[in-house]
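To keep things clear, I will list the structure first and then write my remarks on it.
The values are calculated or read from the model by the stated rules, or taken from the named source; none is laboratory data. Note that this is a predicted model, so its numbers are computed, not measured. All Cβ positions, glycine included, derive from the backbone under ideal geometry; neighbour counts span all protein chains shown. The accessibility values were calculated without ligands, DNA or RNA, using every heavy atom of the protein model including side chains. Shrake-Rupley method; radii C 1.70, N 1.55, O 1.52, S 1.80 Å.
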Amino acid sequence: MIPIGEIVRLSIQSLLRNKTRSILTMLGIIIGVSAVILLVSIGQGLQNYITQQFESLGSNLVIVLPGKVGGGGGGFGAPNIAGSKLSLGDVDKLSRIGGAVESVGAGIEMPSSVSYLGKTKYTTTAGLTAEYQKMRNLTVSSGRMMSESDNRAGRNVVNIGPGIVDSLFGGANPIGKQITLGGQKFQVVGVLSKIGSGGFGIDVNSFVVLPLTTAQKLFGMKSVQAIGIKAKDKDSIPEVIRQVKKELSKRLKEDDFSVVDSSSLVATINQILGVVTLALGGIAAISLIVGGVGIMNIMLVSVTERTREIGLRKAVGAKPKDILIQFIIESVTLSVVGGGIGVLIGFLGALAINQFISTTVTFWSVALAFGVSAAIGVIFGVAPAASASKLNPIDALKYE
Amino acid sequence: MSVLISLSKVTKTYKLGDDVEVSALRGVDLNINEGEFVAIIGPSGSGKSTLMHMIGILDQPTTGTVELEGKNISKLTEEKLAELRNKHIGFVFQAFNLLPRTSALENVELPLIYSGDSALVRKQKGEESLRVVGLGERMDHTPSQLSGGQQQRVAIARALITKPSLILADEPTGNLDSKAGDEIISLLKDLNKQGNTIVLVTHEREIAEQAKRIVEIKDGQIISDKKIK
Ligand SMILES: Nc1ncnc2c1ncn2[C@@H]1O[C@H](COP(=O)(O)OP(=O)(O)O)[C@@H](O)[C@H]1O
Ligand SMILES: [Mg+2]
């Protein structure tokens, strides 16, 4: 029996002496592995990003959204923002519940443009009650927050994010300056710090916040888009949800609103994104299998191509087992090296894409892709190796 | 002189279809003794290569027996046959059959890989073997960097490396011009003088006449067997 180290050396030597063939064989695996890692990293990145967004919303939060959201018949509905029947009156009623309900806030959000001295920036403007600002963990780095009295009086005052300060004021102090929003003048009273949540996919950096009533007048709206209720603690959330539902049902139909708590919403969204990630990974895994079939195909062709070589090896004393092991090691080496290159490309690709959308390379995707590619090397390598080891040395030597 | 290989009543039949058969060998009796230089001659298709495969235990006869150093090989497994070939037989083929993109030295070392020799031993024996065939200066050359005659020398060095009981050469000059062919034949003669047993297969009378014994084969049967020196 010849030592396994010797066969490994033989196999690698043979691969190196046929570089083009080796690289072409590996290509399918390289593409498959890097696709799995890349697609899963995008799905995972999205999941992490959304979780972060929710976490910055603050804890023990119960949210009332217009329309039917989530759960229901197993589907996931989006909130019916435009047809919202929630009103400031509901906010008042909910804040009178007391008990486990600590505070109640509400808000609306609209895309809009702000301008100052001829410079314009397109962004999202939110109208928030003072309570809702607190729930979203918004704070100011200079100036003051908007107060409840600003809200009641519907004053034309505004807080802006640091990004808006940069683009409209060139970084100069904006406090006390008048900016234009929807044709009206607003006085800047505070600059938001970078922490807190601007809402989904909206960066606090380029956020514009008005008092809720001011925003309702500006956009000609009577409803609110979301009501936030802060519960006393985590354990009281179910009770708060029950009471909120009961109170709102007095005026609204069941389909007009949904009550969710932030953690169960995160769980639902994560579940959906988990499925999406898995599906992306699955699609990429198919290309991995295709890569494996590619290895088998080229290895089979190479058995034919190398009939003479195999015949010669047998004539000079190679046993069927020696040939079998050599061919299996060749295909395993190809798939493992291809898998390694694929992991590297997947990593670099995820890093590059991370400049645009957030990606997270997960250990399981790397392990899975690499493991599958190595297994593919063995599984798809066996058939060609077996046919090589069974070649009759005479037929092999005659082969022209 | 002891008998190295002994064939008795050997036949070989190839099945081509359900009822089409080709009889490549029809009852061959042949003894090859240690130290001999035997030429097997016959026209194309007469069964020379088939006979050589029997002598080289690359294939089993349909009927009859082949004995290597007194041992019947018909009951042996493929594994055991490979081991015997590795130890006892050195092959030289018409088409050289060297591994491409592989140095002369590594080509020559190949049989020793399958006998489990260490890298150091392989290198020493490989270099020695290449010097014997006059290629001491060309060890690192790959086949494409060598002439046909030189490639066949590498193949002979490869056949020699295990110090086999028998060297089998099937039309070793078939792919060479006459000058290179003559050199190969005189190399084989030298090797025989040094004590190697050689069986040379050819269809050319002048080449066969360089050997010490000529076995003539026609339609799968030996028609003459005579010593000439
Ligand atoms: N694998 C095979 N299958 C079928 N017929 C074969 C095979 N090998 C050899 N033959 C036939 O056996 C006969 C002898 O062939 P071979 O020994 O190669 O002759 P030579 O070497 O003298 O030219 C030929 O008729 C050839 O066609
Ligand atoms: Mg022949």
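Does B:Glu83 satisfy the condition of being closer than 22 Å to A:Arg306 by Cβ, facing chain A (nearest Cβ under 10 Å) and surrounded by fewer than 23 Cβ atoms within 10 Å (Cβ to Cβ)?
no
Quick one: which strands (runs of 3 or more DSSP E) sit completely within the stretch B:20-102 and have at least 3 residues that are within 30 Å of B:Ser147 (Cα to Cα)?
Answer list for the stretch B:20-102: B:37-41, B:89-92.
So B:Leu168 ticks every box in (1) within 16 Å of ligand 2 (Cβ to nearest atom); (2) closer than 19 Å to B:Val38 by Cα; (3) modelled with pLDDT under 95; (4) of a type outside the set (D, E, K, R) but one. Which box is left unticked?
Looking at each condition in turn, B:Leu168 falls short on (3).
Could you list all residues from the stretch B:143-161 that are open to solvent by 30 Å² or more (accessible area, probe 1.4 Å) and part of a loop (DSSP other than H, G, I, E, B)?
Of everything in the stretch B:143-161, just one residue is open to solvent by 30 Å² or more (accessible area, probe 1.4 Å) and part of a loop (DSSP other than H, G, I, E, B), namely B:Ser147.
What pairs come up if the first residue lies in the stretch B:9-36 and is in contact (Cβ under 8 Å) with a residue 24 or more places away in the chain and within 14 Å of another protein chain (Cβ to nearest Cβ), the second is in a loop (DSSP other than H, G, I, E, B) and more than 16 Å from ligand 2 (Cβ to nearest atom), and their beta carbons are under 7 Å apart, counting only those six or more places apart or on different chains?
That search, which allows pairs on different chains as well, returns B:Lys12/B:Pro61; B:Lys12/B:Thr62.
How do the pairs read when you match residues in the stretch B:39-53 that are within 14 Å of chain A (Cβ to nearest Cβ) with residues anywhere that are within 6 Å of ligand 1 (Cβ to nearest atom), using Cβ under 8 Å and keeping only pairs 6 or more apart or on different chains?
Close Cβ pairs satisfying both conditions: B:Gly47/B:Ala24; B:Lys48/B:Gly42; B:Thr50/B:Ala24.
From the list B:Val3, B:Val66, B:Val28, B:Val22, which one is among the aliphatic types (A, V, I, L, M), surrounded by fewer than 15 Cβ atoms within 10 Å (Cβ to Cβ) and within 16 Å of ligand 1 (Cβ to nearest atom)?
B:Val22
Here are some residues: A:Ser358, A:Ser302, A:Ser287. Which one is within 14 Å of chain B (Cβ to nearest Cβ) and modelled with pLDDT under 85?
A:Ser302
Specify the residue that is farthest from the chain's Cα centre (by Cα); the eligible residues are those in the stretch A:132-173 that are within 10 Å of A:Pro211 (Cβ to Cβ) and among the polar types (S, T, N, Q).
A:Ser149
Would you check if B:Lys179 is without any contact (Cβ under 8 Å) to a residue 60 or more places away in the chain and under 15 Å from the mean Cα position of the chain (by Cα)?
no
For the stretch A:226-275, which positions are among the polar types (S, T, N, Q) and open to solvent by 20 Å² or more (accessible area, probe 1.4 Å)?
A:Gln243, A:Ser249, A:Ser263, A:Ser264, A:Thr268, A:Asn270, A:Gln271
Return yes or no: is B:Lys15 away from ligand 1 (no atom under 16 Å from the Cβ) and more than 30 Å from B:Thr173 (Cβ to Cβ)?
No; evaluated as a whole, the condition is false for this residue.
Any residue that is within 16 Å of ligand 1 (Cβ to nearest atom), open to solvent by 10 Å² or more (accessible area, probe 1.4 Å) and of a type outside the set (Asp, Glu) - is there at least one of those in the stretch B:195-205?
Yes: the stretch B:195-205 contains one or more residues that are within 16 Å of ligand 1 (Cβ to nearest atom), open to solvent by 10 Å² or more (accessible area, probe 1.4 Å) and of a type outside the set (Asp, Glu).
Looking at B:Gly45, B:Gly35, which one is open to solvent by 10 Å² or more (accessible area, probe 1.4 Å) and more than 20 Å from B:Ile167 (Cα to Cα)?
B:Gly45
Only residues that are more than 6 Å from ligand 1 (Cβ to nearest atom) and more than 15 Å from the chain's Cα centre (by Cα): list them for the stretch B:34-53, please.
Answer for the stretch B:34-53, where residues must be more than 6 Å from ligand 1 (Cβ to nearest atom) and more than 15 Å from the chain's Cα centre (by Cα): just B:Pro43.
Among the residues of the stretch A:122-146, how many are open to solvent by 60 Å² or more (accessible area, probe 1.4 Å) and part of a strand (DSSP E or B)?
Here the count works out to 2.
Can you find a residue that is open to solvent by 60 Å² or more (accessible area, probe 1.4 Å) and either among the polar types (S, T, N, Q) or within 23 Å of A:Asp395 (Cα to Cα) (or both) anywhere in the stretch B:130-140?
no
Need the failing condition index for B:Lys123 against (1) open to solvent by 30 Å² or more (accessible area, probe 1.4 Å); (2) closer than 23 Å to A:Ala318 by Cα; (3) within 13 Å of chain A (Cβ to nearest Cβ), just the number.
(3)
To keep it simple, each residue is scored yes or no on (1) within 22 Å of B:Leu176 (Cβ to Cβ); (2) among the β-branched types (Val, Ile, Thr); (3) in contact (Cβ under 8 Å) with a residue 12 or more places away in the chain.
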position	(1), (2), (3)
B:Asn86	no, no, yes
B:Thr102	yes, yes, yes
B:Ile113	no, yes, no
B:Ser118	no, no, no
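Looking only at the stretch B:18-55, count how many residues are among the acidic types (Asp, Glu) and out of contact with any Ser or Thr (no Cβ under 9 Å at 6 or more places or on another chain).
2
Among the listed residues B:Gly90, B:Gly56, which satisfies the condition of being more than 16 Å from ligand 1 (Cβ to nearest atom), within 14 Å of another protein chain (Cβ to nearest Cβ) and over 22 Å from B:Ile228 (Cβ atoms)?
B:Gly90
Quick one: count up the residues across the stretch A:368-400 that are aromatic (Phe, Trp, Tyr) and either under 42 Å from the mean Cα position of the chain (by Cα) or open to solvent by less than 30 Å² (accessible area, probe 1.4 Å) (or both).
Adding up the residues that qualify gives 2.
Pick out the one residue from B:Asp170, B:Asp117 that is crowded, with 18+ Cβ neighbours inside 10 Å, more than 27 Å from A:Lys398 (Cβ to Cβ) and within 14 Å of chain A (Cβ to nearest Cβ).
Criteria check complete, one pass: B:Asp117.
For the stretch A:154-162, check the following and say yes or no: at least one residue is farther than 28 Å from A:Ala231 by Cβ, touching a helix residue (DSSP H, G or I) at 6+ places or on another chain (Cβ under 8 Å) and in a helix (DSSP H, G or I).
yes
I'd like the full set of residues that are among the β-branched types (Val, Ile, Thr) and under 25 Å from B:Asn196 (Cβ atoms), limited to the stretch B:1-37.
B:Val3, B:Ile5, B:Val10, B:Val28, B:Ile32, listed by residue number.
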